[in-house]
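A short write-up of the structure that comes next.
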Amino acid sequence: AECFKVVLSCHPEGVPAEQNGLWEYHVRSTGGLMPGTPLLRQSLRYTTSRPRGRSPLVSALVVLMVLGLVVGGAYAAITVAAPDIAEKYIGSLFSSSTATPTPLFQPTSTPRLLPTATSATVLKPLGIPTQPLPTPTPAPSLTPTAGPTAALRPTPTATARPTLAPTPRPIATAIVILPLATRTPTPIPTPIPTSTPTAAPAARVLASDSFNRPDADRCALGHADLALGGAGEHFYMPIWPTGGTDAAKPIGANIVANALQNNGLDVGGVQFASAQTCSRLEYPAEILPQDLNIRVDLLVPTDSAGHVTLAGPYFRSRKAAPGDGLIGGTSAGYWVQLHSTGEVKVKRLNPHAVVATTGQPASFDSKAFHTLEIAAQGNTLQVALDKRLLTFNQDGKLVSTVSIPPAWESPQVGFNQGAAGISFGTGDKDRGLIGGQRADNLVVTTYRPLSALLTPSNVAP
């Protein structure tokens, strides 16, 4: 679970639920309040016109709900009476068996472990004070019951309260719902000093494809095989029109010899899709996160005449129909291109422009596959080629992080709808003269910075 929701209900005994006071807290699984909480969901509404001598009973209901997927496990429910009991024994559920119980209604400075090795911070509800008893009275004991929850109901020792003016005694009933697990909780790691380099954050694979399947046409590429990780079903649709104008005959790409291959001598490629189709009446583009990494092995051949091919991923584009193309119109986003000269360019799709380039290296093998990875976060982009972080010339400055603002929004000429894919092309003077670009071992993940993965010695000049 990524976060918990804690709802506190305060109401006199016997009052309808719609008159309850409700406070809501959102707690990170690593501890600490989410921004914007607590929230007053409903104000307490009741009158005090009761017969003399009858004190209203105030009940507090605390429900801890795990938001997210909980696989397997059972649930334990613990009911206790009086706030002091709740403080001691519900708090103890968030600590080890030897630790001092943590009060339920006071924030803890360090998150404690749940039985599932998930941590949470117990919070103090606002505006709901605990009132003392008129005379010293021991807290009631808890009797273990049969079943899986019995072991979690210890009998507390008696606690005396000071003698004060008679006031109503609040009764708190706490029900804690927790997933049970047999594995040993993982301790919270000790923070690493800022002077020590931190490891790259783990990235979650969203989709991958090895293309290790029979040859297939542009309209029947099948779904990604997830050979390198990921989940769900992911398809492809052809993105470029034939000749650059005939959208009724989209070019796309074919699967040839266990790789995705441009099937013409001009532009070609695919957009990630939620369904397999070539129909112009459908817009099945898959919506990907704005911040993400795309890694792919690319082959960009040349010939004896020196004609240039190029290939690479694009992202933050519009949801297109098959054959719509990528550049201009209502398109948006950026296309990172590996050229057969070894140069890497970052091209904005609308308004159409090259915004950064590495220049040509002294040598480059255009007959071999090269691994290109892009990492986009906000208005920044990093690119690595064969595990080397690249340096670009952007606006006359050498940078390893390229600026990629949404220029299509001022004025609004394009629309970033989270579409992405792999596209092929040629040099401006080589259209219709060369093809054969290939893509293999495609992996799409959540964002992780490339600078944290690569050592300075791997940074390309």
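The values are calculated or read from the model by the stated rules, or taken from the named source; none is laboratory data. Please read these numbers as outputs of a predicted model, since none were measured by experiment. No Cβ is skipped: glycine too gets one built from the backbone with ideal geometry, and neighbour counts run over all protein chains shown. Note: areas computed on protein heavy atoms with side chains; ligands, DNA, RNA excluded. Shrake-Rupley method; radii C 1.70, N 1.55, O 1.52, S 1.80 Å.
A simple spin-label model places the labels of ASN212 and ASP386 2.4 nm from each other, with each point 7 Å out along Cα-to-Cβ. By its C-alpha gyration tensor, with a ≥ b ≥ c as the square roots of the eigenvalues, how is the range 191-309 shaped: rounded for a/c under 1.5, else prolate for a/b larger than b/c, else oblate? Judged from the Cα gyration tensor, the range 191-309 comes out prolate (a/c at least 1.5, a/b above b/c).
Here each label is just a point 7 Å from Cα along the line to Cβ, and for ASP303 and VAL354 those points are 2.2 nm apart.
At q = 0.13, 0.14, 0.17 Å⁻¹, what is the log10 ratio I(q)/I(0) for the range 305-461, with the Debye formula run over Cα points and no solvent? After summing over all Cα pairs, the log10 values are -0.60, -0.70, -1.06.
Across the range 441-452, rounded Karplus estimates of 3J(HN,Hα) from the backbone phi angles (6.51 cos²θ - 1.76 cosθ + 1.60, θ = phi - 60°) give 6, 7, 9, 10, 10, 5, 5, 8, x, 6, 5, 7 Hz, Gly and Pro being marked x. A convex hull fitted to the Cα coordinates of the range 332-424 yields 103 cubic angstrom per residue. Among the trypsin sites (Lys or Arg not before Pro) in the range 357-401, those placed in a DSSP loop whose Cβ has at most 15 other Cβ atoms within 10 Å are LYS367, LYS387. Calculated FRET efficiency, ALA368 to GLN412, Cβ-Cβ distance, R0 = 60 Å: about 0.90 to the nearest 0.05. Whole angstrom only: what separates the Cα centroid of the range 353-402 from the Cα centroid of the range 215-252? Going from one Cα centre to the other spans 26 Å. Length gained on full extension, SER403 to ARG280: 40.9 nm, using 0.36 nm per residue less the C-alpha separation.
Averaged per residue, the range 315-408 has 38 square angstrom of accessible surface, using a 1.4 angstrom probe with ligands and nucleic acids left out.
Computed from the C-beta positions of ASP246 and ASN393 and an R0 of 41 Å, the FRET efficiency is 0.65 to the nearest 0.05. Listed values for the range 227-240 are Karplus-derived 3J(HN,Hα) couplings in whole Hz (6.51 cos²θ - 1.76 cosθ + 1.60, θ = phi - 60°), namely 5, 10, x, x, 8, x, 10, 9, 10, 9, 10, x, 10, 9, and x replaces Gly and Pro. Of the peptides 417-427, 285-295, the ranking by mean beta-carbon count within 10 Å, highest at the top, reads 417-427, 285-295. Amide H to amide H, with H built 1.01 Å from N, GLY333 comes under 5 Å of LEU349, ASN350, counting only residues 5 or more places away or on other chains.
Translational diffusion coefficient of the range 274-327 (Stokes-Einstein, Kirkwood radius from Cα pairs, 20 °C, 1.002 mPa s): 152 µm²/s. When the alpha carbon gyration tensor of the range 198-237 is reduced to an equivalent ellipsoid, the three semi-axes, largest first, read 27, 10, 8 Å. If you take the square roots of the eigenvalues of the alpha-carbon gyration tensor of the range 227-368 and sort them as a ≥ b ≥ c, do you get rounded (a/c under 1.5), prolate (a/b over b/c) or oblate? It comes out rounded by the Cα gyration axes. For ASP428 and GLU24, the difference between the fully extended length at 0.36 nm per residue and the C-alpha to C-alpha distance is 139.6 nm.
Take the residue pairs LYS347/LYS429; LYS5/LYS319; LYS347/LYS397; LYS367/LYS387; LYS347/LYS387 and return only those whose Cα atoms are more than 28 Å apart. Too far apart for the 28 Å limit: LYS5/LYS319.
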